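J.: This is the structure I have questions about; it appears just below.
The values are calculated or read from the model by the stated rules, or taken from the named source; none is laboratory data. The structure displayed is predicted, hence computed values, not measured ones. Don't worry about glycine lacking a Cβ; one is built from the backbone with ideal geometry, like all the others, and counts go over all protein chains shown.
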Amino acid sequence: MTTDPRLPAPNHLELLNVAKNFGSTQVLRGLTLSVQRGITTAIVGPSGSGKTTLLRIIAGFEAPDAGTVALAGRTVAGDGIHVPAYQRNIGYVAQDGALFPHLSVGQNVAFGLDHQEYPRRAARARAAELLAKVSLGASYADRRPDELSGGQQQRVALARALGRRPSLMLLDEPFSALDAGLRMATRKSVAKTLAENRVTTILVTHDQSEALSFADQVAVMRQGILAQVGSPFVVYTRPADRETAEFLGDAVILEADLRGSLAMCALGGIPVRRPTCQGKVHLMLRPEQIRIAEGGSIRGTVLETDFFGPEVTVKIRLEGGFDAVGDPVEGAVVTIRHWNAMMARVGTELHLRVVGEGVAFPA
Ligand SMILES: Nc1ncnc2c1ncn2[C@@H]1O[C@H](COP(=O)(O)OP(=O)(O)OP(=O)(O)O)[C@@H](O)[C@H]1O
Ligand SMILES: [Mg+2]
């Protein structure tokens with residue numbers, strides 16, 4: 001295939017209207033996604049929404065019923081084409097790791113290496129290097145997979161996949177079995193390795209904060225389609241709909257009356273960026289936008305608190321009031337976060353202030 005040098009390079013991965021059924025269950029219902037070379041995309045979505053199925057279709061272990069998959073501008077699935085998995089140069093770390101049980105950890109990792117580039121001794125050294133990248137010491141090389149925890153097995157599978165130097169890496173919840181500290185360290189080290197080698201990465205995760213911190217692009221999956229695709233900042237601060245808002249983090253949702261770009265609600269008049277609806281709306285704010293502030297114009301009473309260590313969540317009953325044109329606004333209950341548990345004891349009267357803009361969804 002010749003390419004015109006004047007044209008921009010095609011996206012690394014292009015999914016167009018991909019559909020997949022298992023029996024009478026529609027798992028993917030016409031899913032479209034573009035992934036530029038070298039970036040990391042996180043796919044998030046509820047259990048059973050089709051995330052693993054999508055990765056298996058990209059990898060070539062399943063064929064789509066409709067739609068196409070293209071890699072670097074070349075169709076690899078759909079339109080009567082099916083390029084087998086081993087010809088796609090894709091690394092795939094399955095949700096369950098899937099190691100060879102009869103090989104040692106070191107042999108599992110070395111299995112992925114190019115044996116011309118890494119003959120015996122060099123392969124051992126390279127395997128140790130790859131294990132270090134996933135935070136496993138060299139002493140693990142001689143163990144058997146059944147002597148490892150679930151999280152360790154997953155990391156060995158990841159090291160094996162990294163060893164193949166794929167141009168596209170698919171990771172299905174690779175960090176889900178790790179505890180918080182190890183998870184952060186392994187994630188950072190893996191992200192660094194992938195970025196250094198300019199590997200395009202697609203990461204499936206249940207963990208919203210992992211998606212927002214790891215990825216350049218977040219794709220929110222729901223019932224077999226992508227509800228929203230955008231930068232972490234955009235999907236978090238300007239979610240496309242209420243379900244996406246609530247899926248990506250805590251959300252305060254209030255009844256509001258939107259006139260122009262000002263939403264009147266129990267928190268007063270809140271500016272809304274580029275509203276797409278008017279009148280009765282559901283206004284969404286992130287809890288961190290509502291601050292306890294002396295002299296703040298909104299008053300409320302603490303109903304309940306929940307201590308989490310670095311912060312406390314505070315449930316507050318807001319007083320009602322009147323809006324800009326003198327119509328009464330009913331009180332409401334909101335839950336916010338605060339760093340100081342002492343400031344927010346049950347029964348305390350607080351003053352609040354809102355920072356930033358809200359997002360309006362049709363009521
Ligand atoms: N081989 C299969 N045969 C029949 N049904 C399947 C098959 N694979 C997946 N499914 C069904 O397709 C749906 C999507 O499954 P999938 O594994 O893609 O979900 P997921 O988003 O990865 O979920 P999780 O977050 O729990 O891993 C589920 O309802 C599942 O039961
Ligand atoms: Mg899955």
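J.: Between 35, 93, which is in contact with a Leu (Cβ under 8 Å, 6 or more places away or on another chain), in contact (Cβ under 8 Å) with a residue 12 or more places away in the chain and more than 23 Å from residue 10 (Cβ to Cβ)?
T.: Just one listed residue meets the conditions, 93.
J.: On to the next question. Pull up segment 304-338, narrow it to residues that are part of a loop (DSSP other than H, G, I, E, B) and within 26 Å of the chain's Cα centre (by Cα), then point me to the one that is farthest from residue 273 (Cα to Cα). Can you show your working first?
T.: So the first thing to find is which residues in segment 304-338 are part of a loop (DSSP other than H, G, I, E, B), and the list is 308-311, 319-320, 323-327, 330-332.
Retained after the next criterion (residues that are within 26 Å of the chain's Cα centre (by Cα)): 308-311.
Details: 308: 32, 309: 34, 310: 31, 311: 29 Å.
Only one residue fits best here, namely 309.
J.: Where in segment 7-64 are there strands (runs of 3 or more DSSP E), lying fully within it, with 3 or more residues that are in the same structural domain as residue 229 (by TED's automatic domain parsing) and away from ligand 2 (no atom under 16 Å from the Cβ)? Step through it out loud before you land on a result.
T.: Values: elements: 13-22, 25-35, 40-44.
The strands (runs of 3 or more DSSP E) meeting that bar are 13-22, 25-35.
J.: Let me ask something additional. Kindly list the number of the only condition in (1) part of a helix (DSSP H, G or I); (2) touching a strand residue (DSSP E or B) at 6+ places or on another chain (Cβ under 8 Å) that fails for residue 342.
T.: Every condition holds for residue 342 apart from (2).
J.: Another question about this same structure. Tell me whether segment 177-190 contains one or more residues that are among the acidic types (Asp, Glu) and either buried (at least 17 other Cβ atoms within 10 Å of the Cβ) or in contact with a strand residue (DSSP E or B) (Cβ under 7 Å, 6 or more places away or on another chain) (or both).
T.: No, segment 177-190 contains no residue that is among the acidic types (Asp, Glu) and either buried (at least 17 other Cβ atoms within 10 Å of the Cβ) or in contact with a strand residue (DSSP E or B) (Cβ under 7 Å, 6 or more places away or on another chain) (or both).
J.: Which number in (1) surrounded by 20 or more Cβ atoms within 10 Å (Cβ to Cβ); (2) within 15 Å of ligand 1 (Cβ to nearest atom); (3) without any contact (Cβ under 8 Å) to a residue 24 or more places away in the chain marks the one condition that residue 24 misses?
T.: Here residue 24 meets the rest and fails (1).
J.: Something else now. Which one is modelled with the lowest pLDDT, of the residues in segment 86-113 that are within 16 Å of ligand 2 (Cβ to nearest atom) and among the hydrophobic types (A, V, I, L, M, F, W, C)?
T.: Once the filter is applied, the top-ranked residue is 98.
J.: Report whether or not residue 49 is surrounded by 15 or more Cβ atoms within 10 Å (Cβ to Cβ) and of a type in the set (Ser, Thr, Tyr).
T.: yes
J.: Sticking with this one: Being within 22 Å of residue 37 (Cβ to Cβ) and within 16 Å of ligand 2 (Cβ to nearest atom) is the filter; apply it to segment 181-220 and report the residue that is nearest to the chain's Cα centre (by Cα).
T.: Only one residue tops the list, namely 211.
J.: If a residue has to be under 19 Å from residue 22 (Cα atoms) and among the polar types (S, T, N, Q) to count, how many in segment 49-92 make the cut?
T.: 4
J.: Checking the structure you have, find out if any residue of segment 284-297 is surrounded by 19 or more Cβ atoms within 10 Å (Cβ to Cβ) and out of contact with any helix residue (DSSP H, G or I) (no Cβ under 9 Å at 6 or more places or on another chain).
T.: Pass one, segment 284-297, residues surrounded by 19 or more Cβ atoms within 10 Å (Cβ to Cβ): 284-286, 290, 292.
Subsequent filtering for residues that are out of contact with any helix residue (DSSP H, G or I) (no Cβ under 9 Å at 6 or more places or on another chain) retains 285, 290.
For segment 284-297, residues surrounded by 19 or more Cβ atoms within 10 Å (Cβ to Cβ) and out of contact with any helix residue (DSSP H, G or I) (no Cβ under 9 Å at 6 or more places or on another chain): present.
J.: For residue 211, which of the numbered conditions (1) modelled with pLDDT of 90 or more; (2) surrounded by fewer than 16 Cβ atoms within 10 Å (Cβ to Cβ); (3) under 24 Å from residue 48 (Cβ atoms) fails to hold?
T.: Here residue 211 clears every test but (2).
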